[in-house]
Amino acid sequence: MGLFGSKGKIKGNSALAIAAGCAVAFMFIATIISTVIYKKRMDEAVSLMAEAKYKQYDSYVVMISSDDSSDYWQQVYEAAKDYGKEKGVYIDLLSETVDESFSKKDLLEMAIESQCDAIFVEGDDSPETAAMLTKANKNGIAVFALGTDVNVENRISYIGANNYSMAGLYGQSLVENLIKQKSVMVLGGNGISEVEAGDFVNNLQTTLGNEELVNGPLEFDIRTIDSRDTFAIEEYIQNLFKENDLAPVVICMDGDSTSSFYQAMIDYNKVGSILLFGSDKSQTILTGIKQGVIVSTIYVDATAIGTAAAEAFLEYRDMGNVSEYISVDPQIIDGDNIAEEFQEVDSE
């Protein structure tokens, strides 16, 4: 019996070894196949991009943002493309050129492989983006940061709003609307980092330094949502209302958090008890201002960003240099000019 038992054990161990070996082999083969498919997709995408370099254009520029399908970045792209077309520059919104969905890192890699003349990119603070932009520089590709800046060593120029000017507009709106409120929650979603939010508050405190506020100085509570997912922003804001973790004054630093907070104020019957100051420009936000739920919103015109970016590239291409910082003036919409904004929307 012992002999047969021993043989049975050997056979069992052999079967386990064979199964484990097969599993490892399968994973290895699957990894190779996935790598080959990925490489093929990348090569096909780069090939499509190469075909986009039409002979009638002198330069080829790739544009990449965090959400190319959003209304804002579509407007930036259209403005840049139209201006560039008149000057012999083909500007390509890369995600619309390729047939499949790729990450921002992958799109940057494709842009570099295409040997484009420049990259227009919405900046972020991720190590992956920084590494890709460093690689672009080493390959002689000029990088222009749009909307959100990157490390100055990784770009030729930044095109966007002057943060101090934006803080000044928020400060103006706060002074005009505060009564006795003292606590202010600053809410940053859509990829806004704690550093950006902190810089914003510092600039805001500076602009309010000479103002006589009833309960000044104001106390700021900075909250950031570490996600670009709109649902994550909605969930975070819903929890703020459920837990009554709120302040009498709220400044939202991006469009998604502004829209979500506006809707939550209605859902939780907080209209009139919170002063909401928003960011960005959308139909929802305009409606919120018209209803008096949102006090005001600060935004940077997308068309101005796109045109300024195309102009910056042309200046760099033709002159060999361009300003490292190109400021686009922010604008404010509030009760005084909301009617005009709706007239513009209706006429479009």
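The values are calculated or read from the model by the stated rules, or taken from the named source; none is laboratory data. Everything numeric in this text was worked out from a predicted model, so none of it was measured. Neighbour counts run over all protein chains shown; Cβ positions are idealised from the backbone, glycine included.
Observations on the model:
- Test: residue in region 129-136 that is in a loop (DSSP other than H, G, I, E, B), hydrophobic (A, V, I, L, M, F, W, C) and either closer than 21 Å to Ile305 by Cα or not assigned by TED's automatic domain parsing to the domain that holds Ser193 (or both): no
Yes/no matrix, rows are residues, columns are (1) of a type in the set (Phe, Trp, Tyr); (2) over 17 Å from Ser173 (Cα atoms); (3) loosely packed, with under 14 Cβ neighbours inside 10 Å; (4) in the same structural domain as Asn190 (by TED's automatic domain parsing):
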| position | (1), (2), (3), (4) |
| --- | --- |
| Val249 | no, no, no, yes |
| Met253 | no, no, no, yes |
| Tyr268 | yes, yes, no, yes |
| Gly272 | no, no, yes, yes |
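- Region 152-182, residues that are farther than 22 Å from Gly216 by Cα, aliphatic (A, V, I, L, M) and surrounded by fewer than 15 Cβ atoms within 10 Å (Cβ to Cβ): Val152
- Checking Cys116 against (1) outside the structural domain of Asn321 (by TED's automatic domain parsing); (2) hydrophobic (A, V, I, L, M, F, W, C); (3) surrounded by 20 or more Cβ atoms within 10 Å (Cβ to Cβ), the condition it does not meet: (1)
- Selection within region 231-285 - over 17 Å from Ala302 (Cβ atoms) and among the hydroxyl-bearing types (Ser, Thr, Tyr): Tyr236, Ser257, Ser260, Tyr262, Tyr268, Ser273
- Residue check, Glu128 of a type outside the set (Ser, Thr, Tyr), in contact with a helix residue (DSSP H, G or I) (Cβ under 6 Å, 6 or more places away or on another chain) and either without any contact (Cβ under 8 Å) to a residue 60 or more places away in the chain or within 20 Å of Cys252 (Cβ to Cβ) (or both): yes
- Under the condition of being surrounded by 14 or more Cβ atoms within 10 Å (Cβ to Cβ) and either assigned to a helix (DSSP H, G or I) or of a type in the set (D, E, K, R) (or both), the residues counted in region 203-220 number 5.
- Residue check, Thr97 surrounded by fewer than 22 Cβ atoms within 10 Å (Cβ to Cβ), touching a Leu at 6+ places or on another chain (Cβ under 9 Å) and closer than 28 Å to Asp254 by Cα: yes
- Yes/no for Asn244 being closer than 23 Å to Asp334 by Cβ, polar (S, T, N, Q) and in the same structural domain as Ile289 (by TED's automatic domain parsing): no
- For region 284-348, no strands (runs of 3 or more DSSP E) sit wholly inside it while including 3 or more residues that are among the aliphatic types (A, V, I, L, M) and surrounded by fewer than 19 Cβ atoms within 10 Å (Cβ to Cβ).
- Here the strands (runs of 3 or more DSSP E) wholly within region 139-202 that include at least 1 residues being under 26 Å from Asn215 (Cα atoms), touching a residue at least 12 places away in the same chain (Cβ under 8 Å) and not assigned by TED's automatic domain parsing to the domain that holds Ser323 are 183-188.
- Scanning region 112-128 for residues that are hydrophobic (A, V, I, L, M, F, W, C) and in a loop (DSSP other than H, G, I, E, B) yields one hit, Cys116.
- Residue within region 232-239 that is at pLDDT below 95, under 16 Å from the mean Cα position of the chain (by Cα), surrounded by fewer than 19 Cβ atoms within 10 Å (Cβ to Cβ) and not assigned by TED's automatic domain parsing to the domain that holds Ala79 present: yes
- The residues on offer are Lys81, Lys87, and the sole one that is more than 24 Å from Asp280 (Cα to Cα) and either more than 22 Å from the chain's Cα centre (by Cα) or surrounded by fewer than 21 Cβ atoms within 10 Å (Cβ to Cβ) (or both) is Lys87.
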